[in-house]
1. In sequence order, what are the phi-derived ³J(HN,Hα) couplings for the stretch 265-270 according to the Karplus relation 6.51 cos²θ - 1.76 cosθ + 1.60 with θ = phi - 60°, rounded to whole Hz, with x for glycine and proline?
2. Express as a percent, rounded to the nearest 5, the fraction of DSSP beta bridges in the stretch 161-300 (both residues included) that run antiparallel.
3. State the Cα centre-to-centre distance between the stretch 131-176 and the stretch 58-93 in whole Å.
4. State in Å² the accessible area per residue of the chain; use a 1.4 Å probe, count heavy atoms of protein chains only, and round to the nearest integer.
5. Convert each backbone phi in the stretch 276-291 into a coupling constant with the Karplus relation 6.51 cos²θ - 1.76 cosθ + 1.60 (shift: θ = phi - 60°), then list the ³J(HN,Hα) values in order as whole Hz, x for Gly and Pro.
6. How high is the FRET efficiency between LYS36 and THR139 when r is their beta carbon distance and R₀ equals 25 Å, given to the nearest 0.05?
7. A 19 angstrom limit on the alpha carbon distance is what I want to check against. Which of LYS131/LYS198; LYS79/LYS142; LYS66/LYS147; LYS36/LYS82; LYS37/LYS198; LYS37/LYS119 exceed it?
8. Just check the stretch 170-293 against the gyration tensor rule for me: Cα atoms, a ≥ b ≥ c as the square roots of the eigenvalues, rounded for a/c under 1.5, and otherwise prolate or oblate depending on whether a/b exceeds b/c.
Amino acid sequence: MERSRKVVLAAVQFACSESVSENVDTAERLVRAAHKKGANIILIQELFEGYYFCQAQRGDFFDRAKPYKGHPTISRMQKLAKELGVVIPVSFFEEANNAHYNSIAIIDADGTDLGLYRKSHIPDGPGYQEKFYFNPGDTGFKVFSTKFAEIGVAICWDQWFPEAARAMALQGAEVLLYPTAIGSEPQDEGIDSREHWKRVMQGHAGANLVPLVASNRIGKETIKTEHGDSTITFYGNSFIAGPTGEIVALANDKDEDILVAEFDLNKIKSQRHSWGVFRDRRPELYKVLLTLDGNKTTPFCN
């Protein structure tokens, strides 16, 4: 029997303002508080430097993007991670020459930048018009070797795709992390996706037998658009799920919060191997997943 290998995961949740310095200060305050609760890996919500600007298609919002190298928020979080000895994924709006990405830098517990993931699935709908701003990510799904665990990190809309979670698990991810910005639907106040949102990710945790952390923002944000004001009320509900999909920590839809949960990664590894879902996979039968229309004769399958 392998000895235990415990890790404490955390999600933070807060309302953003339009002040970058204020939001980064809040993120640092909550990271410090999570560290005091024993957290080793701490997830901050998606694009936490400001309002979720993708409610509108506005050229001036491209001014919010910054290059990856020398990014001031990443640099600050590197210093914080080193000081506290914690892992911090840092979400940001990336400018790369004439391309733009919804990206996340993974900062290890010694302050080292382990690399970048760029969001693969880019949504485009009322209130969530990300295709105007972001190129589709070109990194592919990645797993990062941190001091405490092998982690797979994807971003918001990626969380609706089981292929992304499985790709990270196949590469050895022991934990899945999803920073998020999701709330009401401006075109239809009757739509409330929070339970659907949680259940989909609980399924990823259970199907891959890994813990999962989702961090979402709270608060009401109004953005001026070309058609007038657009408002989203972000519903929080940040959570941590265990390896059978069970929710072990859950925030509400209104309050700033810090969630923490401890897991024994070696115990979960034994559970995952014993359950047999990776042993019994049949990759040769899954070529249809390389198509858009289910037609196995399309070029993607060659």
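1. Couplings: 5, 6, 5, 5, 4, 4 Hz.
2. If we restrict to bridges inside the stretch 161-300, about 75 percent are antiparallel.
3. The two parts, judged by their Cα centres, are 18 Å apart.
4. Values: 13550 Å² over 302 residues.
So the chain comes to 45 Å² accessible per residue, rounded to a whole number.
5. My calculation for the stretch 276-291 gives x, 5, 8, 5, 9, 4, 10, x, 5, 9, 9, 4, 4, 5, 8, 10 Hz in order.
6. On the way: r = 33 Å, r/R0 = 1.32.
The computed FRET efficiency comes out at 0.15.
7. Numbers: LYS131/LYS198 24 Å; LYS79/LYS142 24 Å; LYS66/LYS147 28 Å; LYS36/LYS82 15 Å; LYS37/LYS198 24 Å; LYS37/LYS119 30 Å.
From the list (LYS131/LYS198; LYS79/LYS142; LYS66/LYS147; LYS36/LYS82; LYS37/LYS198; LYS37/LYS119), the Cα-Cα distance tops 19 Å for LYS131/LYS198; LYS79/LYS142; LYS66/LYS147; LYS37/LYS198; LYS37/LYS119.
8. It is oblate, given that a/c is not under 1.5 and a/b is not larger than b/c.
The values are calculated or read from the model by the stated rules, or taken from the named source; none is laboratory data. Here the structure is a predicted model, which is why all the values come from computation and not from measurement. Here the Cβ is made from the backbone with ideal geometry for all residues, glycine too, and neighbour counts use every protein chain on show. Note: accessible area is taken over every heavy atom of the protein model, side chains too, but ligands, DNA and RNA are not part of it. Shrake-Rupley method; radii C 1.70, N 1.55, O 1.52, S 1.80 Å.
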